[in-house]
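See structure below.
Read-outs: derived from the displayed coordinates by stated rules, not from any lab. From a predicted model like this one, the values you see are computed outputs, not experimental measurements. As a convention, Cβ positions derive from the backbone with ideal geometry for all residues, glycine included, and neighbour counts pool all protein chains shown.
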Amino acid sequence: MRKKVYTKKHILAAARDLLVEKGFSFITARNVAEHMGISTQPIYLEFKNMEDLKLTLLNSVYEYLETEFFTKKQTTDSFTNFGLGYINLAKSDNKLYISLYLDQHSYGQELQNLSFDLFQKCMKSDEKYVAFSKEQLEKLHMQLLIVATGMASLTLSGILKQTEEQLVTAFDTVKENSIA
């Protein structure tokens, strides 16, 4: 009888399920293996350690966020589109949003770096932002990250009920104040 092969892709899918349902702290070799109905051996054959699995998972999740949320063209402005991406994520994949941005975990710096790399990529593809220095983009990103995740969290909780037009106006104000 041939043994079943568990690939990196299978293991990442199981880890993503746990991330969404239980949060980062629940992602252990034992929990991932139990979720898959296997021993921990295939996990350690595919990943050096659990840190490697979690960082690979974060990168995989950010690839998903890039295509599904942060690069969607909702307006003519990349800055505003990026901010709307956080709000749309909170509305449509709220468990993932909560696991990434509200639950306590030790991957905040990695998330911030992934977010900035993607933000920088988006801004550099918009002629309005091509001439911005890395320092200017870092400032813009940090302001947007604070406001967008705050607005997304308030939207998720039902406290904030803004129209897209109101959200766009809010992001325009953040941009103007950050550039000034």
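Values for this structure:
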read-out	value
Ascending count of other beta-carbon atoms within 10 Å, so fewest first, for Val61, Val130	Val130, Val61
Rounded to 10°, Cα long-axis angle of helix 108-124 versus longest principal axis of the chain	50 degrees
Loop trypsin sites (Lys or Arg not before Pro), segment 46-97 (other Cβ atoms within 10 Å of the site Cβ: 10 or fewer; DSSP)	Lys48, Lys73
Whole-Å distance, taken between Cα centres, linking segment 66-121 and segment 4-33	22 Å
Percent RCO, i.e. relative contact order, over segment 8-179, from Cα pairs under 8 Å lying at least 6 residues apart	22 percent
Rounded to the nearest 20 debye, dipole of the chain from Cβ charges on Lys, Arg, Asp, Glu	720 debye
Positive-end extreme of charge dipole, segment 8-179 - chosen from Val174, Phe47, Leu137 (charges on Cβ)	Phe47
Dipole moment magnitude, nearest 20 debye, segment 129-180 about Cα centre, only Lys, Arg, Asp, Glu C-beta charged	120 debye
Angle between the chain longest axis and helix 50-65 axis [Cα atoms, degrees, rounded to 10]	40 degrees
Pairs from Lys72/Lys161; Lys124/Lys161; Lys54/Lys124; Lys22/Lys73; Lys139/Lys161 whose Cα-Cα separation, in the structure shown, is over 23 Å	Lys124/Lys161; Lys54/Lys124; Lys22/Lys73; Lys139/Lys161
Nearest-ten-degree value, helix 164-179 long axis tilted from longest Cα axis of the chain	80 degrees
Normalised contact order of segment 60-100, rounded percent, pairs of Cα under 8 Å and 6 or more residues apart	30 percent
Cross-link reach list, aspartates and glutamates versus Lys9, counting only Cα pairs under 12 Å and skipping chain neighbours closer than eight places	Glu46
